[in-house]
Amino acid sequence: MTCSAPPEVVGYFRDMVEAFAPAVGSCALSAILIGFAMAFTIFIALLVLLGTREGVSGAAVLIATGFGIIPPVVLGLLPPWSAIFIGLVAVVVLKDRLSGD
């Protein structure tokens, strides 16, 4: 199967998307899976760094979510609307933790 990565995917990631595409069926799906894997890895790493022994605050989760989703969007692995959607979902899920009540 031959395909070309979406035009917005940059540099080395274009080769990764094209190499992973035969395993999943399409270049678009390959880019999305690689993007979410990158976002999840950054998210977990930042949670470990920002967490304390008592737990992780809601603000730390929002910071980790923001910094986790931005690199895949900038590199073209995820569509721009996904950053907005994930941010809204994170705020809705964390509204009780952020209010301080």
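Modelled spin-label separation between PHE20 and VAL91, with each label point placed 7 Å from Cα along the Cα-to-Cβ direction: 2.9 nm. The residue list PRO22, TYR12, PHE67 was ranked by how far each Cα lies along the charge dipole of segment 12-99 toward its positive end, using unit charges on Cβ atoms, and PHE67 comes out on top. Working from Cα pairs under 8 Å separated by at least six residues, relative contact order for segment 1-79 is 35 percent. Largest first, the extents of the alpha carbon coordinates of the chain on the three principal axes equal 54, 25, 20 Å.
Bear in mind that the values in this text are calculations on the coordinates, not laboratory data. The model shown is predicted, which means the values in this text are computed figures rather than measured ones. Glycine gets a Cβ as well: all are built from the backbone with ideal geometry, and neighbour counts include every protein chain shown.
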